[in-house]
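Peer 1: Here it is, the structure in full.
The values are calculated or read from the model by the stated rules, or taken from the named source; none is laboratory data. Please read these numbers as outputs of a predicted model, since none were measured by experiment. We place every Cβ from the backbone using ideal geometry, glycine too, and count neighbours over all the protein chains shown. With ligands, DNA and RNA removed, areas are computed over all heavy atoms of the protein, side chains included. Shrake-Rupley method; radii C 1.70, N 1.55, O 1.52, S 1.80 Å.
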Amino acid sequence: MTEQATDRQSGPTLLDAVARTFSVELQTPPFPDRLLDLTRALITCPWAAVLTLSEDSAEIALGQVPGDDIGLVSELAKGLLDEGDGADVSVASAAMVARIAAPGGGALALAIGRAQGGQAAQALAYERLSLLAALSYAQNAHPNQMTQNALLRQVQAVAKEPSGDTLQDLADTLARFMSAEYAAVAFYTGGSVSDLKISGQDAGAKRASLPDRLRAEMVETARQQARSSSRFFAAAQGREDGLILHVQGATRNTSATLLAGATYALSQTSARAKRWTKARLMKMGAGALVLVGVALIPLPDRVDIPATVEASERRVLTAPFTAQLTEIAVRDSDTVELGAPLMSLETESVDLDLIEVRAERARALLDREAARAARRAADLRNAELDVERLDARIARLEGQVADAKLSAPIAGLVIAPDLDEKLGTTVRQGDPLIEIADPAALRLSLAIPDDQLGRLATGLEGQFRPDYDPTLSFSASVTDISPAMSIRAETPVLDGRAALAGTTQGLRPGLRGVFALQSDWKPAGQMAYEAIRNWVLLRVWF
């Protein structure tokens, strides 16, 4: 058997999915969510939804119903409510709606859109929807199904009125709630067991031999203070007497024994101690002193501003004309000197145009001389204009040839992360090709949130810590704050600038980090008060 087949066999089955959906113990996700997930897995339908039913309305609680079908689905759901109890399915032209029993009582409506797969697909959807409705009633509305609240009421009745009748009711309720073979309940007092009650004992003569064995086991349970899903000794803290619960062969709600025992133990807690005692007052006084001490601890009231390193001295080189990029002499992060060659553009077409224009100029010169010799003034003037026009064109083409070889306008750092991808491609006139930034002339670009504006001013000093290594710190001071808001990452901010002081080794344009202003130290209590005051003024007070 292959590993893939083994994984499929060991994965969750349809039975597991159904059991999980209708589990009584499972609380998260809620039952409607589990039901809707199972419906979508079992039934191929364009949409599915769970509706809550009341006396005169049906509202969508989960999922979506197309706008055109909302009225129809609501009528079908209310019709199911009016028709009575029990699992049922209503069918219309565009939808099917089933009545579902909800955990703890009440009813829900499960609606699906009718599939477009023909009669067979619709019949299968109806069959599976009916099955889900039947399963919900079998699990959540079965005559023998006990709710958790009913079990807790029985436990509280025993705690309030410990009699043989209440103990017998608790044993029967616990056995039904857990679908157990039997449940036994007894009191443990003075080292012995009393008032032993076994579920269904009146109708179960076959259990005649159980009491003697159970008494011995229950004594051992009490002595060991056992607490498990099958044996539980429930007693208030510090007490040796209490209630003993034994469950045999539970098939569901296996945590019910723990829940019942804990509820009984809590109900037996001794009466509250007097509210105002010397010990309590001392504890309260000590707690108050601790709170005052914490409130007086000074904490840094710091302002952190997102910042990005940028070069104050930089040049962006663009394509002088449309041509193919044929040569690249540098790479990203290279350091270049002033005038260093950077890249070259293809000039073959420009060279051909230049040869043609020079040939035209030679002909224009001959025409000019011929007109001068013949004393034709008009032709002479036209020939001179042609020569001037061609001279200008030649100068422009020669300029393109010279501009085809780009060199560094300043000494600095090459910033072009995608430069290699452009080699051999055609760039258009004006397209940015490469950026040269002076690494010795760096500054910070600040994105100041509007709620921090009142705490910033030009001249304030702080420290810049880059994201790539927060252990590094660079001194900086705010130089200017823009008066206009801008949007960064869908957040309104004010643009600002900060000048870096001292060495900037390790920084390069584009690095991000945090600019933290010099901290003012304030007591923790004052900072908490200011935060609460600002929240109230902004969101509550009006």
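Peer 1: In what sequence, highest mean first, do 90-102, 356-368 appear when ranked by Cβ atoms within 10 angstrom?
Peer 2: Ranked by mean Cβ neighbours within 10 Å, highest first: 90-102, 356-368.
Peer 1: So how strong a dipole does the chain carry about its Cα centre when Lys and Arg Cβ are +1 and Asp and Glu Cβ are -1, to the nearest 20 debye?
Peer 2: 2340
Peer 1: Order of 473-479, 305-311 by packing, highest average Cβ count within 10 Å first?
Peer 2: Ranking, from highest mean packing down: 305-311, 473-479.
Peer 1: For the chain, what is the accessible area per residue in Å² when the probe is 1.4 Å?
Peer 2: 58
Peer 1: Nearest 500 deg cm²/dmol is fine: what mean residue ellipticity at 222 nm does the chain get from its DSSP H runs of n ≥ 4 alone, each adding -39,500 (n - 2.57), divided by its residue count?
Peer 2: It comes out at -13000 deg cm²/dmol, rounded to the nearest 500.
Peer 1: Then there's this: Can you pull the percent of the chain's accessible area that's carbon plus sulfur, 1.4 Å probe, other chains left in place?
Peer 2: Whole-percent figure for carbon plus sulfur exposure: 52.
Peer 1: Students often forget the sequence filter, so: which aspartates and glutamates lie under 15 Å Cα-Cα from Lys160 once same-chain residues fewer than 8 apart are removed?
Peer 2: Correct list for Lys160: Asp169.
Peer 1: What does the extension gain come out to for Asp37 and Glu220, with contour length at 0.36 nm per residue minus their alpha carbon separation?
Peer 2: 61.3 nm
Peer 1: Sorting Lys197, Lys405, Lys160 by accessible area (1.4 Å probe), largest first, what list results?
Peer 2: Most to least solvent-accessible, the answer reads Lys160, Lys405, Lys197.
Peer 1: Please identify the DSSP H helices in the chain that span no less than 30 Å along the helix axis (Cα) and have a mean Kyte-Doolittle hydropathy of -1.0 or more.
Peer 2: 118-140, 348-373, 377-403
Peer 1: I'm spelling it out carefully: the read-out is semi-axes √(5λ) of the Cα gyration tensor in Å, the candidates are [x] 84, 41, 23; [y] 109, 26, 16; [z] 52, 26, 22, and one was derived from this structure. Which label?
Peer 2: After the calculation, the listed value that fits is [x].
Peer 1: Just how much of Met485 is accessible, in Å², when a 1.4 Å probe is used and the result is rounded to the nearest 10?
Peer 2: Here the residue's solvent-accessible area equals roughly 100 Å².
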